[in-house]
Each structure stands twice: as structure tokens, then as C-alpha cells.
Amino acid sequence: MTATVSIPDKVFEHLKKAIFDGSLAVGSKLSEPELARELEVSRGALREAIARLEACRLVTRKNNLGARVVELTEQNLMEIFRVRESLEGMAARQAAETITEVELEELSELLEQHADSINQDEEHAYFQKEGDLDFHYRVVQASHNQTLFDLLCNDLYQLVRLYRYQFGMRSNRALKALNEHRQIVDAIRRGDGEMAEFIMRAHIRASRDNVEQNFASAEKTEVIKL
């Protein structure tokens, strides 16, 4: 029997998509009367959806200023990556102990899909199509640790997605990332939690370094424009 999706759920997904694709620009105010009229929903359902977006840190609310789409800074992103390094390293270590045969097979199949995507398209394709986050999501799932899942998949990954859309940045290391993903899966398959954590942490640090380089390049471009 198919579960019925509630109106607040539908509004939440609609607004989240609008934030990620830029229809709701970063820093823009969420006008309750306007959105309720546009989406043809009650103010109560809309407020519930906005509260969920706030819980995901995609929306911020300040006194007398209402709710606005969050604006991420370089400092925000560096903090997120440092937290990801610790938590995802832990998730990889635990996954080496708890992953099922089915999950391991699905993870291996996912890597093959990513390899095909990189071979068929430009190198950054799977990064832009969120294959990278999909891999990390599966590893966290395989840790069978609900707290890690909530912190990473329901919170931090949402902000990483927003960052990618907000800054329109592309990865120039998709092939390297894929190889690192394979090494992580190999360590998990062997049950070597220590190595899985080591490689995962190094992988996240490399991603963080790439983000810093992107910011530096963007700043240089702005200086040239000025």
C-alpha cells in the first residue's frame, strides 16, 4: 500500500528543489502570503515546510526579518568539510564491520555506474549529477548508525548540495575521486575499518582542498574584473 504524501511534505520538497536549482535565490526572503498563494496551500502547511527547511539549515530566521534562504560562505564550507572528515571516517570504519552483502554489491554497482558516467561524459559529470554524494550516502547507510545518518544525510549533505548549486562549481578531480571511492570500498570489503577510515578522511581532505582552490580562483577572477 502506497503511503500518502502530506501537503507539508510536498511543499517542503518543492521549496527544497527551488532552493537547489536557484529559483529561490540565496539570501532571498520567503514571503508566506506570496508562497501560500502561489502554491495554493494553507499558511499552516507552508510554515511547517519552512520549519523543516530551517531544521535542515537551508533556511535561516532572524527576528523581524522573517525566513531567508541561507547564504554559505567559505568559512561555512570549511567547517562542514572538517566535520565531514571526522564523521565520514567513523562511518567508513563502522561500515567495514556492519555492511551486508547486498549493500556491498549495491555499492560496487554504484561505482561501475559512476565509471560509465565519467567515460561517457565530461570528467565532472557525476559530480554535478550528485553521484559523489550518493556514494557517501550509501557508505553512511552501511554503517547502520542512525545518529551518523541523521547528522550527515539529513543535515550536512543538504548544505553541500546547496554549496554546489550556489557557487556553480565543478569538480576537476572526478576520476581521482572515483579511484579513492574504489579504495574505500576495497577496505570495507576486506573488513579493514582502520584503512577505510584513513582513506575516507584523506578523500574528504582532498575534496576540501579542491573547494579552497575553487574559492581562490573565483577571488582572482573577481580581482581581474575589478
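The values are calculated or read from the model by the stated rules, or taken from the named source; none is laboratory data. Please read these numbers as outputs of a predicted model, since none were measured by experiment. Cβ coordinates were reconstructed from backbone atoms using ideal geometry, including for glycine residues, and neighbour counts include every protein chain displayed.
The listed residues are 65, 133, 110, and the only one of them that is assigned by TED's automatic domain parsing to the domain that holds residue 187 and either modelled with pLDDT of 85 or more or in contact with a strand residue (DSSP E or B) (Cβ under 9 Å, 6 or more places away or on another chain) (or both) turns out to be 110. Screening residue 5 with (1) part of a loop (DSSP other than H, G, I, E, B); (2) more than 19 Å from the chain's Cα centre (by Cα); (3) surrounded by 12 or more Cβ atoms within 10 Å (Cβ to Cβ) gives one miss only, at (3).
Contact annotation: residue pairs with Cβ atoms under 6 Å, 6 or more positions apart or on different chains, pairing a residue in the stretch 201-226 that is assigned to a helix (DSSP H, G or I) with a partner that is surrounded by 15 or more Cβ atoms within 10 Å (Cβ to Cβ) and modelled with pLDDT under 60, are 214/169. For residues that are part of a helix (DSSP H, G or I) and farther than 22 Å from residue 160 by Cα, scanning just the stretch 116-130, find the one that is modelled with the lowest pLDDT. In this case the residue turns out to be 120.
This table checks each residue for (1) surrounded by 20 or more Cβ atoms within 10 Å (Cβ to Cβ); (2) under 21 Å from residue 12 (Cβ atoms); (3) touching a His at 6+ places or on another chain (Cβ under 9 Å).
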site: 59; (1), (2), (3): yes, yes, no
site: 69; (1), (2), (3): yes, yes, no
site: 72; (1), (2), (3): no, yes, no
site: 84; (1), (2), (3): yes, no, yes
site: 91; (1), (2), (3): yes, no, yes
site: 98; (1), (2), (3): no, no, yes
site: 105; (1), (2), (3): no, no, no
site: 108; (1), (2), (3): no, no, no
site: 113; (1), (2), (3): no, no, no
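Looking across the stretch 163-221, the residues that are among the basic types (Lys, Arg) and either touching a strand residue (DSSP E or B) at 6+ places or on another chain (Cβ under 8 Å) or modelled with pLDDT under 95 (or both) come down to 164, 170, 173, 176, 208, 220.
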